Structure formats: structure tokens, C-alpha cells
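The numbers here are math on the coordinates, done by the rules we state, and not lab data. Just so it is clear, the model here is predicted, and its values are computed rather than measured. When we count neighbours, we look across all protein chains shown, and the Cβ atoms used for this are built from the backbone with ideal geometry, even at glycine.
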Amino acid sequence: MWFYVDRILVGYQVADAAVHQRPRGNLSDLYPRWLGARELLLRQRNPYSDEITREIQQGYYGRLLDPARPNDPKDQQGFAYPVYVVFLLAPFIGFPFHSVQMVFYWTLIGMTAASVWLWLRALRWRLSAVSIAICIALILGCFPAVQGIKLQQLSLLVAALLAGSAACVSGGLLFCGGTLLALATIKPQLAWPLVLWMLLWSASDWPRRRRFVFGFGLVTALLLGGAEIILPGWLRMFTQALQRYHRYTQNQSVLLVPWAFSGIVIAIAAIACTWVLCKLRRVPADSENFGLATSLALALTVLVVPMYAPYNQVLLLPAILTLVRDRTVLTSRSRGVRFGYVAGAFALAWQWIASLGLSAVYLSGAQASALRAWKWPFFATFTLPVFVFALTLLDAYRREAPLEVEPNVTN
């Protein structure tokens, strides 16, 4: 996969950019956030301003985008994050971006690998050291993770924070779990379904679970209050930045169909997911059902988030681990379920099948043919989230909330 991305995918992009005179700069998704944080904290400049957006374009693309050039990218690379993301980036604003980029690159690799162990703890699934190593190799060698690492995408940081939150809650560290979930809201669109699930779960046994809400509420209040202090009125600016972002990127969910249809599908999926999660809301944090419910919330996130960037699919990791763990039960059901499971497994494996085939073609000397077929590993990108969500929903639906009493937890 890494060979495919470095030699074939990037090779095609470089050649295509040269033909169409499309700019290529550092292409790091961290850069707009880093520059905005630096200018706000060191020079008190508004990161949402048009002036900062132009400076971001200079560094990200190597020059300003020109609306008169039809082949120029549509993504303006504006600062479209909650302003409190600068608190996480504050330790790095005094260093050259190249150094920050290298540190963040290896940090994302380490955090993505650690998230496998964290999710296994949250799912209450014990594996041997060899099995864990295989899981880590597969996650670091899947396209969503490779793309996110090479772009230094904050989605991978958020995914690790969500994994840490789930592992802390599963281990009884409720306040810590709430704290990490609050930090994950630097990308609200990736965090809000899990936030809603965790608040529902906490409210279902308030005396034992209130520490989670206290941790989440305290850190959220600090982030929002601190953001208002350093940039008064930032929420209005952030909302406007989001509107501009969706206009120039025209993003939509992985359901690449007209909104009238995809909106209905998303609504049905959200209602079905909510019904199942309400059924599981009383499960203890240290049970398999809690990990399953959390996995379902994240699988819904990937399905409904209005952005089909492959790197967001790292959030499918806990659901995929759950489906592997529960494969015997699932495949013992109807023939239709077995077919869906096999189809989902093929959709997951296709990225490696295609990248291996293209790499073989490239190494055989037919580089031009491999570059022309660069899209092959993407063919299952839009079907995998659908299969994973449907199978995880079915797995969760068959569960019954246990009657056992949840033990007292401490933090």
C-alpha cells in the first residue's frame, strides 16, 4: 500500500498536475491549522480572515489560487476548525513547519498503532501479541491510514482521542474518558455521534456515570471559554467558515447519490442506530456490548459525515474488529447475512488486492499502465462503510442489555 501511494498514486498526481498546471506545495493538511494557530497566538490575527487564507494558500499550494484558471483546486484551504484547536497546536508554533511536519508524521503513526490496542481494551477482546502486531500492521497499511499520515490529517489524531476515551471509560476512568472526548471535538463532525451516545449512556445510570459528564463538560467549557477569550465572536466566524468550506468543496457523504435520496437513507440509518443504542444504553462500561455500541456510533459517523475523504474511515476500526470477533455468530445466521459478511470482507480486502496488483504491474516495467489504473484501490471506498454499518447494526440488534449490576468506578 505504501509503495502504491508513493510510486503510483503520487506519481499520477504529479504528472497530472504538470499537464494541467495545477499547483502543488507542501500539501499538508496540518499547515492551515498550524499557520492559523501561529498567527492568532503570536500576532493576534484572525485565522478565519481572507488575508490568512491567502497566506495559507501560498504555503499549502505554493501560490495563490486563481479563479481564472479552471484547473486550479477548488479547496481554498481556509481555517475551518473550531478556534480552540490552537490550544493543541500551541506547543509547535515556535518551530519551523518542516520540523513540526516530521514530528506530527511520526506522532500520527504511533497514535494510530496505539489506537488498535486501545480499541481492543474497549471491546474487551484479548488477543495474543502476534495477533495485535498483525492488526497494527494492517491498520498502518490500509489506505485511510496511509493517506491520513501522509497528509498529516487531524482526523487520525481525533480517531486516537476517541479510542483513548472509549478505553478509559471501559477501564472505569470516566472523568479521563470525558476529557479525551471533549478534546476530540476539534473535528465536531467526527465526534458528535459518539458524544450523543456517551451522554445517553451516562444519563441512563447517572449516579455511577456522572463523572464522565463532569469531565466532558469541564473540558468543553474550558475550550469554549478560552476560545472566546483569545478570539471574541469566534463561533460566528467558524460557522461562516464552514459554510464557505462546504460551498467550495461541495462535499457529501459516502452515499454518492442525490441528496433527496441519500438524506432519506441517512435518516433511516440514524433512526435505526438510535433505537439500537437506546436498547443498549444501560450496558456496563466493562462489557462487550459497550464496545459494540461505541463501534456502531462511529460506523454511523462515517456513513453520515458530509465528507467522503477516505482518511475518515479509520473510525471504522472498532467496528471491523468487532465484526471479526463476532464472525462465527454473524455467519451462522441467514444466507443473506453470510453473503453480506463475505461482501464486506471483500470490500475491505480490495484495497490491498488492487494495490498489490498495480504494484506488480509497475515493477514489471509497465509504469504508464499502472499510473492510468490508479483508481482501482478506490473502487470499494464507498461500499465498505455501508457494509460495516449494516453488519454492526445487525450485530448490535441481536444483543440484549444484560441485567448485571455495574460495579462502582473510580477515576
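Points worth noting:
- Base-10 log of normalised Debye intensity for the chain (one unit scatterer per alpha-carbon) at q = 0.09, 0.11 Å⁻¹: -0.58, -0.88
- Percent of alpha-carbon pairs separated by more than 25 Å within the stretch 232-370: 48
- Computed label-point distance, nm, for sites T331 and A129 using a 7 Å Cα→Cβ extension: 2.9
- Cysteines without a disulfide-compatible neighbour (Cβ-Cβ under 4.7 Å), the chain: C135, C142, C273, C278
- Ellipticity estimate at 222 nm from DSSP helix runs (n ≥ 4, -39,500 (n - 2.57)) divided over the chain, nearest 500: -21500 deg cm²/dmol
- Under the simplified labelling scheme, the R69-I271 pair shows an inter-label distance of 4.8 nm, with each label point 7 Å from Cα along Cα→Cβ.
- Segments 130-139, 198-207, 380-389 sorted - mean Cβ within 10 Å per residue, highest first: 380-389, 198-207, 130-139
- The distance separating the Cα centre of the stretch 357-398 from that of the stretch 1-73 comes to 26 Å.
- Residues of the chain were split at every exposed loop site, defined as GluC sites (Glu not before Pro) in a DSSP loop with at most 11 other C-beta atoms within 10 angstrom, and the longest piece left, sites excluded, is 1-399.
- Cα-based reach from K375 at 25 Å (exclusive), listing lysines while leaving out same-chain residues under 8 positions away: K74, K150
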